[in-house]
Amino acid sequence: MEEVENKKYITVEELKEHNKQGDLWISIQGKVYNVTDWAKVHPGGDIPILNLAGQDVTDAFIAYHPGTAWKYLDKFFTGYHLKGFKVSEVSRDYRKLVSEFSKLGLFEKKEHVTLFTLTSVAVMFGIVVYGVLRCTSVWAHLGSAILLGLLWMQSTYVGHDSGHYEVMSSRGYNKLAQIICGNCLTGISIAWWKWTHNAHHIACNSLEYDPDLQHIPVFAVSSRFFSSMKSCFYGRELKFDTLSRLLVSYQHWTFYPVLCVARVNLYLQTLLLLFSRRKVPDRAFNIMGILVFWTWFPLMISCLPNWEERVMFVMASFCVCSIQHLQFCLNHFAADVYMGLPNGNDWFEKQTAGTLDISCSTWMDWFFGGLQFQLEHHLFPRLPRAQLRKISPLVIDLCKKHNLPYRSLSFLEANKWTLRTLRTAALQARDLTNPAQNLLWEAFNTHG
């Protein structure tokens, strides 16, 4: 540490030492802040701060916080500035784009997407209830199950949107929308979603830090998982044992069938978190919401005339909603992966490398919830989904300017890419005795 012209400076190496629980420093625009105590009450959870502590986090801070958040930084200022602080050209252009969007008011222009979506969810729920309780035809029950799957998808999109920005008129109503659309209607806790989703955004496609890639023993998108690496998110070893090798060896065949029952895992993950010793924001409200779901859903199923139709109803609704699970996989499984965390000067690069867009017509935006523009969403997570298609050309231009990948595939092509990635890893899992071939594949598919 040194003092120059009444300014105290800290080196990059010294800042890196403050990256542990109980000692968390970050740099924003070259000013160093001590956020050790703030991490405990941070609205986005402690994971983002723990993952990025000890480095400059300007781009991540800009991506996730509105302009009003800057005024709260002063109380965390250590008095130090980061020595040799420089901004890359990519980051400079990215920040300029965020500033332009703010001046245009795009972050506030949510239009009426939430109103329309919530209305459609309410209508669909009414039709599902009517179809189950008032109709006797098995086709009516099947149609109700299909509609329930679509309802879950649209409800999840509202929960997702409300987790990134306020979709309602106040923070209280926004939280209510999260509990209703997440916990009550889908059975998946918004607290669990925030915990994993924030980590995913911060460390997009990091094999060690992104929970959305850590699916051992069922799936592995990279042969790096074969060495039983430690998950820095879950804090445990992802053991690649005999069972894992067997399942991964055939993952390109089991991929779609597993997705059809993937909700079961999400229900389990929700319960494991809510009844764990981990600090969970609004734990009581989350549990109450889950109880609402596990009251109406079993009751609805019990109203069906026989067990055959009950199984059909559950599986049909799960299969329809699995399209959404598939979409999330398509956005990332076939993209580039890396080890470790992004640093202050490659935030934009890591987001572009780790995401794939799904091209579709405008009239299909409702079906994909705007998340077909996955890169745009990752770069500007606070931007309402109604604006993602509009700003896409600007993102494309920025990627071209800096020679960064912008990949937009058709739904069919994205499936092909994903299956190709899974098949490659599956074949490698069958031939663990040939490390040279595995390393060659990694050289073309891993950056960082």
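The values are calculated or read from the model by the stated rules, or taken from the named source; none is laboratory data. From a predicted model like this one, the values you see are computed outputs, not experimental measurements. Positions of Cβ are backbone-derived with ideal geometry, glycine not excepted, and every protein chain shown enters the neighbour counts. We work out accessible area using only protein heavy atoms, side chains counted, and drop any ligands, DNA or RNA first. Shrake-Rupley method; radii C 1.70, N 1.55, O 1.52, S 1.80 Å.
Structure data summary
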quantity	calculated
Candidates PHE225, PHE219 - the one that is in a helix (DSSP H, G or I) and closer than 24 Å to ILE47 by Cβ	PHE225
Close pairs (7 angstrom Cβ cut-off, 6 or more residues apart or separate chains): more than 13 Å from GLY369 (Cβ to Cβ) in region 155-169, in a loop (DSSP other than H, G, I, E, B) anywhere	TYR165/ARG382; TYR165/PRO384
From THR295, THR270, THR254, residue being open to solvent by 30 Å² or more (accessible area, probe 1.4 Å), under 30 Å from GLY45 (Cα atoms) and either assigned by the TED database to the domain that holds ASN198 or modelled with pLDDT under 95 (or both)	THR295
Only one of ALA334, ALA425 that is surrounded by 21 or more Cβ atoms within 10 Å (Cβ to Cβ), outside any helix (DSSP H, G or I) and in contact with a Phe, Trp or Tyr (Cβ under 9 Å, 6 or more places away or on another chain)	ALA334
Yes/no for ILE358 being open to solvent by less than 20 Å² (accessible area, probe 1.4 Å) and either out of contact with any Asp or Glu (no Cβ under 8 Å at 6 or more places or on another chain) or assigned by the TED database to the domain that holds VAL261 (or both)	yes
Cross-chain or 6+ apart pairs with Cβ under 9 Å, region 409-421 first and outside any helix (DSSP H, G or I), then charged (D, E, K, R)	LEU409/ASP357; LEU409/LYS416
Any hit, region 41-49, residues being among the acidic types (Asp, Glu), surrounded by fewer than 21 Cβ atoms within 10 Å (Cβ to Cβ) and closer than 23 Å to GLY163 by Cβ	yes
Single match in ARG277, ARG310 (criterion: in contact with a Ser or Thr (Cβ under 8 Å, 6 or more places away or on another chain) and without any contact (Cβ under 8 Å) to a residue 60 or more places away in the chain)	ARG310
Positions within region 398-422 being more than 21 Å from the chain's Cα centre (by Cα) and surrounded by 17 or more Cβ atoms within 10 Å (Cβ to Cβ), in sequence order	LEU398, CYS399
Positions within region 50-80 being surrounded by 18 or more Cβ atoms within 10 Å (Cβ to Cβ) and of a type in the set (D, E, K, R), in sequence order	ASP56, ASP59
Extreme residue, least open to solvent (accessible area, probe 1.4 Å), among residues of region 197-212 that are more than 19 Å from ARG382 (Cβ to Cβ) and in a helix (DSSP H, G or I)	PRO211
Condition met for PHE373 (more than 30 Å from SER27 (Cα to Cα) and either crowded, with 16+ Cβ neighbours inside 10 Å or at pLDDT 95 or above (or both))	no
Failed item, numbered, when THR119 is tested on (1) of a type in the set (S, T, N, Q); (2) open to solvent by less than 40 Å² (accessible area, probe 1.4 Å); (3) farther than 20 Å from MET315 by Cβ	(2)
Extreme residue, farthest from GLN154 (Cα to Cα), among residues of region 81-113 that are of a type in the set (Ser, Thr, Tyr) and open to solvent by 40 Å² or more (accessible area, probe 1.4 Å)	SER99
Members of region 222-239 found to be out of contact with any strand residue (DSSP E or B) (no Cβ under 6 Å at 6 or more places or on another chain), more than 19 Å from THR421 (Cα to Cα) and of a type outside the set (A, V, I, L, M), listed by number	SER231, CYS232, PHE233, TYR234, GLY235, ARG236, LYS239
